Amino acid sequence: MNDEESVMPALPGPSVRRRQLGNALRKFREGAHLTAEDAARVLDCHASKLSRIENGQSGVRARDVRDLLDRYGVDDAAARTALEALARSSYQRGWWHDYSDALDPGYTDLIALEATASDVRNYQTLLVPGLLQTESYLRAVIDAHPNGYAEEQVRQRLDVRAARQQALTRESSPLRLWTVVHEAALRHAIGGARTMREQLAHLREFARVPNVTLQVLPFEVGAHPGLNGPFALIGFPELRDLDVVYLETLTSSLYVEAPEQVRQYADVFEHLRAVAASPKRSLAFIDRLRDDL
């Protein structure tokens, strides 16, 4: 097999997934005590190309991942399946590619990750989680953005969000969402009273969906480990080293991928989940807020 057959450019966008795959392959290679030159011979390519695969700069076909894992002595069926799926996904054109010109690349990565992830653990401080926002709520958020958007751009973002939310209701392995929402986000009157009543009712409806768990973190908790701000922990249980943390800023999206740092966020989420109101009490809390509007 020549270089072009072994290593082909993946579709633009899911760079995080390519880095995940590359990091995992490098760890398995190092665990097998093989050099990059040793592994490159499996694919009949130069070591520099294998380095680009491991750095997430080049795509690699699923069959080549399978050959590498055979050489590395990896017999964990779940890990093999997960890595081969990651390789295939780099060449698959998702619905979000139709909007790639209008979306930040980091946001495109988020959508691609959610499309293949099994679970998301999310903490929100000032806004309702994006996967649970109503159209009118999201429109109010977009209208408040300092950039300002034309109506066509607003419509694109609304359409993208609606499509993204389908991950929660897809027929095959719907995304599991566990979210802790700070009380401030629920009292923040985004879009006015009518929009918030609709949004709170929507939260209550989705909180009853089997794959969604919603907890409210009340003001009375006081200081807690989540004071640094919101985050989303995107999980791939077949191989937990694939988990990533998504952080959103005003101008860009950031990803935390180092396993030891991801574990710190997971520990913070566990603490937040423990001190937040139970799902049942959270529903009652949302009902009280809605009645007060």
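The values are calculated or read from the model by the stated rules, or taken from the named source; none is laboratory data. Computed from a prediction, not measured in an experiment: that's the story for all the values here. Don't worry about glycine lacking a Cβ; one is built from the backbone with ideal geometry, like all the others, and counts go over all protein chains shown. For the accessible areas, the whole protein counts, side chains as well, though only heavy atoms, and no ligand, DNA or RNA atoms are used. Shrake-Rupley method; radii C 1.70, N 1.55, O 1.52, S 1.80 Å.
Taking the numbered list (1) open to solvent by 60 Å² or more (accessible area, probe 1.4 Å); (2) of a type outside the set (V, I, T); (3) outside any loop (DSSP other than H, G, I, E, B) in turn, P146 passes all entries but (3).
Restricting attention to segment 246-292 and to residues that are over 26 Å from T108 (Cα atoms) and among the acidic types (D, E), the residue that is surrounded by the most Cβ atoms within 10 Å (Cβ to Cβ) turns out to be D287. Quick one: in segment 257-293, of everything that is in contact (Cβ under 8 Å) with a residue 24 or more places away in the chain and not in a helix (DSSP H, G or I), which residue is farthest from R18 (Cα to Cα)? Result: L293.
Considering segment 161-217, the residues that are assigned to a loop (DSSP other than H, G, I, E, B) and of a type in the set (S, T, Y) include one that is nearest to A266 (Cα to Cα), namely S173. The set of residues from segment 41-57 being over 18 Å from R18 (Cα atoms), open to solvent by 80 Å² or more (accessible area, probe 1.4 Å) and in a loop (DSSP other than H, G, I, E, B) comprises D44, H46.
Count, please, the residues in segment 227-245 that happen to be modelled with pLDDT of 80 or more, more than 14 Å from L127 (Cβ to Cβ) and open to solvent by less than 60 Å² (accessible area, probe 1.4 Å). Matching residues across segment 227-245 total 8.
Of all residues in segment 109-132, those satisfying the criterion of being in contact with a helix residue (DSSP H, G or I) (Cβ under 7 Å, 6 or more places away or on another chain), of a type in the set (S, T, N, Q) and under 29 Å from E183 (Cα atoms) are Q124, T125. Go through the residues of segment 91-108 one by one and say whether even a single one is in contact with a Lys or Arg (Cβ under 9 Å, 6 or more places away or on another chain), open to solvent by 60 Å² or more (accessible area, probe 1.4 Å) and modelled with pLDDT of 85 or more. No, that holds for no residue. State yes or no: is E151 open to solvent by 70 Å² or more (accessible area, probe 1.4 Å) and of a type outside the set (F, W, Y)? So E151 fits the description; yes.
Taken over segment 111-133, the criterion of being within 15 Å of H202 (Cβ to Cβ) and buried (at least 21 other Cβ atoms within 10 Å of the Cβ) is satisfied by Q124, V128, P129, L132, Q133. In segment 65-78, the count of residues that are open to solvent by less than 10 Å² (accessible area, probe 1.4 Å), part of a helix (DSSP H, G or I) and either under 28 Å from S252 (Cβ atoms) or touching a strand residue (DSSP E or B) at 6+ places or on another chain (Cβ under 9 Å) (or both) is zero.
Which members of segment 203-226 meet the condition of being over 11 Å from H182 (Cα atoms), of a type in the set (V, I, T) and surrounded by 16 or more Cβ atoms within 10 Å (Cβ to Cβ)? Within segment 203-226, V212, T213 qualify. When you scan segment 86-94, do you find a residue that is in contact (Cβ under 8 Å) with a residue 60 or more places away in the chain, within 21 Å of V256 (Cα to Cα) and assigned to a loop (DSSP other than H, G, I, E, B), even just one? Yes, some residue in segment 86-94 is in contact (Cβ under 8 Å) with a residue 60 or more places away in the chain, within 21 Å of V256 (Cα to Cα) and assigned to a loop (DSSP other than H, G, I, E, B).
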